[in-house]
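The values are calculated or read from the model by the stated rules, or taken from the named source; none is laboratory data. Being a predicted model, the structure only gives us computed values, none of them experimental. With ideal geometry, Cβ positions are generated from the backbone for all residues, glycine too; neighbour counts draw on all protein chains shown. Accessible surface is based on the protein model in full, side chains and every heavy atom, while ligands, DNA and RNA are left aside. Shrake-Rupley method; radii C 1.70, N 1.55, O 1.52, S 1.80 Å.
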Amino acid sequence: MSQIKKLLIIGFVWPEPNSSAAGGRMMQLISIFRENGFQITFASPALDSDFMVDLTAFGVEKRAIELNNASFDDFVIELNPDVVLFDRFMIEEQFGWRVAENCPKAIRLLDTEDLHCLRTARQKAFKENRTFELLDLLSEEVAKREIASILRCDLSLIISDFEMNVLKDIFKIDVKLLFYLPFLVDEMNENDLLNLPLFEERENFVFIGNFLHEPNWNTVQHLKETIWPLVRKNFPEAVLQVYGAYPSQKVLQLHQPKSGFFILGRALDANEVVKKARVVLAPIRFGAGLKGKLLEAIQCGTPSVTTEIGAEAMHANLPWNGFVTNDMELFAKQAVALYQDENLWKQSQINGIAIVNQCFQKSQFASVLINEVNALMNDSENHRLHNFMGSLLQHHTLKSTKYMAKWIEAKNKN
């Protein structure tokens, strides 16, 4: 093994930390590996975007790659990485077999972002107007692909402890293949609140979220149709500012200043927007993973009102920095109370500090992750020997993926 450890990250998209929590998560992973001496190359088949981060400024080499093209094989052989991190299971499906074939010794990591099968099954149950059951996952088409991807990899990074339990209890995944890694942020204390705008310096309710993500669009619809009229009934002067990257025409059509409902598009600096707001509203009805917008609210000292899905796996049963309820009448009442009662608001802020320090400490997780990766690099054969289902899937499914990719490649040449 080379002295300098090489990490290849294959991204679904180029990281946009100001557009989505997924972009922020990717930058956290990059910083952990950089701080531990890894030389990082970030490759993606995605087109460049105006809002992507400048990876070279973080000491990361950027490489464009193509889907269904043998040029990737030459690239990965030349790079010869020690570790490959796939960003979401769709990327592992596309490139996993190529990595396994050309760099068989490389450790394969999967960052699931969130469990896509959980999100899609919840969304389906929501649209069918029925209660979601965990057993719904077993008939979910995406689950078959996602679980196969997890089994083929040496280790999958799972962002939520709820999802850890789903994988162990529902899908019977061996715990040795899973690593719990939530969002990772710096410690907070009450002095940090003194550097943030005070209660009386803040105004308005805010929602912020990337509109390419279906749960965010659904949340804004729900706010407009159900919750905002209830809030305005209790508090006629209330103003809600809705920010989010990539708003479509149907999102922009919800802009209604007369009722205090403002659609403001992309926030140049999400952090500044949230710091200036008094309360974050996030009535999320389906989704998975962790909600970056709610962690950001805590860090900005901005209390929030959300649903059980919104707060899922985020606070280890500690008091929330605001309120959690699925009752929309109560949601509206609690939103107004939080906005108007300074003592309640300040206590909610303090609750948030405990959540950050207990649940999202970088110091608690980063070194454990690196130790785990180093252990895999030193003993990959033994690890893989005990993952028979993974090697079975590697053998069969990747044969089909491989020949499908080669067929597409041949077709593209004609």
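Things worth noting here:
- The range 108-151: number of residues that are within 22 Å of Leu85 (Cα to Cα) and part of a loop (DSSP other than H, G, I, E, B): 4
- Residue within the range 262-271 that is of a type in the set (D, E, K, R), assigned to a loop (DSSP other than H, G, I, E, B), under 21 Å from the mean Cα position of the chain (by Cα) and surrounded by 22 or more Cβ atoms within 10 Å (Cβ to Cβ) present: no
- Verdict on Leu115 being open to solvent by 20 Å² or more (accessible area, probe 1.4 Å), touching a helix residue (DSSP H, G or I) at 6+ places or on another chain (Cβ under 6 Å) and touching a residue at least 40 places away in the same chain (Cβ under 8 Å): no
- Residues of the range 274-299 that turn out to be in a loop (DSSP other than H, G, I, E, B) and farther than 23 Å from Asn165 by Cα, as a count: 3
- Members of the range 209-222 that are over 17 Å from the mean Cα position of the chain (by Cα), in contact (Cβ under 8 Å) with a residue 40 or more places away in the chain and open to solvent by 30 Å² or more (accessible area, probe 1.4 Å): none
- Test result for Lys258, at pLDDT 95 or above and either assigned to a loop (DSSP other than H, G, I, E, B) or exposed (fewer than 14 other Cβ atoms within 10 Å of the Cβ) (or both): yes
- Residue that is surrounded by the fewest Cβ atoms within 10 Å (Cβ to Cβ), among those in the range 223-255 that are in contact with a Gly (Cβ under 8 Å, 6 or more places away or on another chain) and among the charged types (D, E, K, R): Glu237
- Among the candidates Val206, Val251, the residue that is on the phi < 0 side of the Ramachandran plot, under 25 Å from the mean Cα position of the chain (by Cα), in contact (Cβ under 8 Å) with a residue 24 or more places away in the chain and in a strand (DSSP E or B) is uniquely Val206.
- Among residues of the range 142-186, those that are free of Cβ contacts under 8 Å to residues at least 12 places away in the same chain and closer than 16 Å to Arg88 by Cβ, counted: 1
- Residues satisfying the stated conditions in the range 300-323, i.e. of a type in the set (Ser, Thr, Tyr) and outside any loop (DSSP other than H, G, I, E, B): Ser304, Thr306
- Being of a type in the set (Gly, Ala, Ser), in contact with a Leu (Cβ under 7 Å, 6 or more places away or on another chain) and surrounded by 14 or more Cβ atoms within 10 Å (Cβ to Cβ) is a property that Ala405 lacks.
- Within the range 1-104, strands (runs of 3 or more DSSP E) holding 1 or more residues that are open to solvent by 30 Å² or more (accessible area, probe 1.4 Å) and out of contact with any Cys (no Cβ under 9 Å at 6 or more places or on another chain): 6-10, 39-44, 61-64
- Close pairs from the range 305-328: first under 19 Å from Ala277 (Cβ atoms) and open to solvent by less than 30 Å² (accessible area, probe 1.4 Å), partner assigned to a strand (DSSP E or B) and among the aliphatic types (A, V, I, L, M), Cβ under 6 Å, at least 6 apart: Val305/Leu281; Thr306/Ala282; Thr306/Val324; Gly310/Ala282; Ala311/Val324; Gly322/Val305
- Residues that are more than 30 Å from Arg232 (Cβ to Cβ) and not polar (S, T, N, Q) number at least 3 in the following helices (runs of 4 or more DSSP H) confined to the range 324-414: 342-359, 362-378, 380-385, 388-413.
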